[in-house]
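Have a look at the structure below, then the notes.
The values are calculated or read from the model by the stated rules, or taken from the named source; none is laboratory data. Note that this is a predicted model, so its numbers are computed, not measured. Here the Cβ is made from the backbone with ideal geometry for all residues, glycine too, and neighbour counts use every protein chain on show. All accessible areas refer to the heavy atoms of the entire protein, side chains included, with ligands and DNA or RNA removed. Shrake-Rupley method; radii C 1.70, N 1.55, O 1.52, S 1.80 Å.
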There are 2 protein chains.
Amino acid sequence: MHANANPFLVRLDATAKDMEELLDRLMGPTPEDGEMERPARLLGAMRYASLGGGKRFRPFLVAESAALFDVPRQQALMAGAALECVHCYSLVHDDLPAMDNDALRRGQPTVHKAYDEATAILVGDGLLTFAFDILSRPQTHPDAAVRIELVTALARASGIGGMVGGQLLDLAAEGRFMGGGPQQHGEREVLKLQAMKTGALLLFACTAGGILGSATPQQREALSRYGLAVGKAFQIADDLLDVEGDAALVGKNTGKDAAAGKATMVSLLGGAGAKARLRQLVAEAEEALAPFGSAAAILVEGARFVANRHA
Amino acid sequence: MHANANPFLVRLDATAKDMEELLDRLMGPTPEDGEMERPARLLGAMRYASLGGGKRFRPFLVAESAALFDVPRQQALMAGAALECVHCYSLVHDDLPAMDNDALRRGQPTVHKAYDEATAILVGDGLLTFAFDILSRPQTHPDAAVRIELVTALARASGIGGMVGGQLLDLAAEGRFMGGGPQQHGEREVLKLQAMKTGALLLFACTAGGILGSATPQQREALSRYGLAVGKAFQIADDLLDVEGDAALVGKNTGKDAAAGKATMVSLLGGAGAKARLRQLVAEAEEALAPFGSAAAILVEGARFVANRHA
């Protein structure tokens, strides 16, 4: 694959392949110390939810940000696997009938369609819990203080003050709780909602490399600026795909935001304005990484990829 | 309260009060570092799910097992608060329409009844995530290696090889996935299911004190034996309450196991046999703690309380 492709795509593919192998191994049938049994149906459904798909862009960000500090790749992949478990759990719960009620994900039946709703709830709970199991293992980093810093950071990025809180705000924006239709959000509210719902995990991905690599405060700040820009760009590109994308290519239903009457950066800025903002965010991402020089070229390409993706 | 009560009840009440104060403080409106905002609806629902009720028996076990090793009480309470968040999340998700479909919990409307189903899903996700946030804080223990050991242990007790796996087995036992009615489980299957679904968290509660207190392998083994016996006793008492209890006292609907045709230790051993087994388990719990002498008297009382509880 990609024999003539640019180095970025080669690296993205390599991480996706490594991630698939690692998750496959971590989610094997043999219980770890302290586990009694891994029930076959639940394990199968957790594997269905997390294997065999996805660009693994978040693990890619962990691996490449860690590579700036010569972190052993296997450590970065472990942190990436934990993050991917959180990402996959959030998709499973987000797709539930009481949430977004989606039947398709990456072109396949969602977990509650392929299995059933109770299993899907437990799959999400199991993957979220497993993320912290993975982070806590010595294979993630030999220093317990580094591992615990990752645990704090992932919990904050994923929890009430991050992703889960953002999901609640997203449902509120659709008018789910108050009646009276969708909330009339301005740019400020939309940016905050998205920074929590999707931005927080992407920001974690970029800063995790700095935690693993014991980066200086200046280096961490640079990675945070990069991660914030990438998070914003990711969401705008996602919103553009929802408006302009082909459901068959995107692998899930499109046109949902407009149907829900939900404000996005695309509805606020228009298509051309959103694309101009994307270019600006890519420039911000590139500038943030300037101190790392050419070592950060792949991450810069990653920001361009996010802004220009078609699926 | 309990001015003339035995020391056990005084200590149980004291931990419940401390736990209420700590959870109230941890779930305040102010975001921590790395959090953006705590959305009011989600925070309110998380507080509804976790404050104002419960005997806090799991935190009590953490506090009392930690006290054997002179662990500062505030550290034990932090670990207990994390565990209580996991316990409360599991109740919220367990009560969902797609799971047990319960309208009452501790005599109050369940979270999806008091709020809505989407909020209840996110409350569970938020509480589970928050548990690992709490465990990772320096207030739980100054040594990161101790905190990370707690993270591993709680993740294993709660995840696919513990509580979540046990919930899946429990639904399977009701015949939810295969059709053809409830599975005809024998004692061995029932014990394994219950050891995972309810036993794993109780076992964690008893061993957490040993982790916090850097106990010797022999001491940890003693706490594990105690925790296993308490876990089994807890579940038998719960099953007895489901058969013999008064819904108004128990605070949730009763008679559910028989209605679901589910095998329990009570259906397998009969009421008298189950009560004999309870007495045996209390004796095992007491014997396990013999090496600690009179310092463990409160924990022994705890085992008796579990076996004899009426609500």
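Condition first: in contact (Cβ under 8 Å) with a residue 24 or more places away in the chain, open to solvent by 20 Å² or more (accessible area, probe 1.4 Å) and within 7 Å of chain B (Cβ to nearest Cβ). Now tell me which residues in segment A:17-42 satisfy that. Give the steps one after another, and end with the answer.
Initially, segment A:17-42 is screened for residues in contact (Cβ under 8 Å) with a residue 24 or more places away in the chain, giving A:18-20, A:22-24, A:26-27, A:32, A:41-42.
Then drop every residue that is not open to solvent by 20 Å² or more (accessible area, probe 1.4 Å), which leaves A:18, A:20, A:24, A:32, A:41.
Selection gives A:GLU32, A:ARG41.
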(request) Taking A:ARG106 as the residue in question, decide whether it is more than 26 Å from A:LEU169 (Cα to Cα), in contact (Cβ under 8 Å) with a residue 40 or more places away in the chain and among the charged types (D, E, K, R). (result) no
(request) Please enumerate the residues belonging to segment A:53-79 that are more than 14 Å from the chain's Cα centre (by Cα), closer than 13 Å to A:ASP18 by Cα and among the aliphatic types (A, V, I, L, M). (result) A:ALA76, A:LEU77, A:MET78
(request) Filter segment A:158-171 down to residues that are among the aliphatic types (A, V, I, L, M) and facing another protein chain (nearest Cβ under 7 Å) and give me whichever is farthest from A:PRO97 (Cα to Cα). (result) A:ILE160
(request) Consider B:ALA82 carefully, then state whether it is outside any loop (DSSP other than H, G, I, E, B), under 14 Å from the mean Cα position of the chain (by Cα) and closer than 30 Å to A:PHE204 by Cβ. (result) yes
(request) Hey, can you tell me all the residues within segment A:280-311 that are part of a helix (DSSP H, G or I), open to solvent by 30 Å² or more (accessible area, probe 1.4 Å) and over 25 Å from A:GLN218 (Cα atoms)? (result) A:PHE305, A:ASN308
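Could you check how many residues of segment B:272-301 are of a type in the set (Lys, Arg) and touching a residue at least 40 places away in the same chain (Cβ under 8 Å)? Give the steps one after another, and end with the answer.
Of the residues in segment B:272-301, the ones of a type in the set (Lys, Arg) are B:275, B:277, B:279.
Filter once more, keeping what is touching a residue at least 40 places away in the same chain (Cβ under 8 Å): B:277.
Going through segment B:272-301 one residue at a time, the tally reaches 1.
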(request) Please give the number of the condition B:LYS113 fails out of (1) in contact (Cβ under 8 Å) with a residue 24 or more places away in the chain; (2) basic (Lys, Arg); (3) assigned to a helix (DSSP H, G or I). (result) (1)
(message) What's the number of the only condition in (1) modelled with pLDDT under 95; (2) open to solvent by 10 Å² or more (accessible area, probe 1.4 Å); (3) not aromatic (Phe, Trp, Tyr) that B:THR207 fails to meet?
(response) (1)
(message) Test of understanding: among B:ALA63, B:ALA14, which residue is over 26 Å from A:LEU154 (Cβ atoms), open to solvent by 40 Å² or more (accessible area, probe 1.4 Å) and either away from chain A (no Cβ under 11 Å) or out of contact with any helix residue (DSSP H, G or I) (no Cβ under 8 Å at 6 or more places or on another chain) (or both)?
(response) B:ALA14
(request) Considering every residue within segment A:262-273, establish whether at least one is touching a His at 6+ places or on another chain (Cβ under 9 Å), open to solvent by 30 Å² or more (accessible area, probe 1.4 Å) and over 14 Å from A:CYS206 (Cβ atoms). (result) yes
(message) Take the conditions open to solvent by 10 Å² or more (accessible area, probe 1.4 Å), in a helix (DSSP H, G or I) and within 9 Å of chain B (Cβ to nearest Cβ) and apply them to A:HIS87. Does it pass?
(response) no
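Could you tell me how many of the residues in segment A:174-193 are open to solvent by less than 60 Å² (accessible area, probe 1.4 Å) and away from every other protein chain (no Cβ under 11 Å)?
7
Of all residues in segment A:140-157, how many are assigned to a loop (DSSP other than H, G, I, E, B) and either in contact (Cβ under 8 Å) with a residue 60 or more places away in the chain or within 14 Å of B:LEU135 (Cβ to Cβ) (or both)? Step through it out loud before you land on a result.
Initial filter on segment A:140-157 (assigned to a loop (DSSP other than H, G, I, E, B)): A:140-143.
Keeping just the survivors that are either in contact (Cβ under 8 Å) with a residue 60 or more places away in the chain or within 14 Å of B:LEU135 (Cβ to Cβ) (or both) gives A:140-141.
Of the residues in segment A:140-157, 2 are assigned to a loop (DSSP other than H, G, I, E, B) and either in contact (Cβ under 8 Å) with a residue 60 or more places away in the chain or within 14 Å of B:LEU135 (Cβ to Cβ) (or both).
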(message) Restricting to segment B:54-70, count the residues that are at pLDDT below 95 and at negative phi.
(response) 1
(request) Within segment A:125-141, count every residue that is more than 7 Å from chain B (Cβ to nearest Cβ) and either open to solvent by less than 10 Å² (accessible area, probe 1.4 Å) or among the small types (Gly, Ala, Ser) (or both). (result) 5
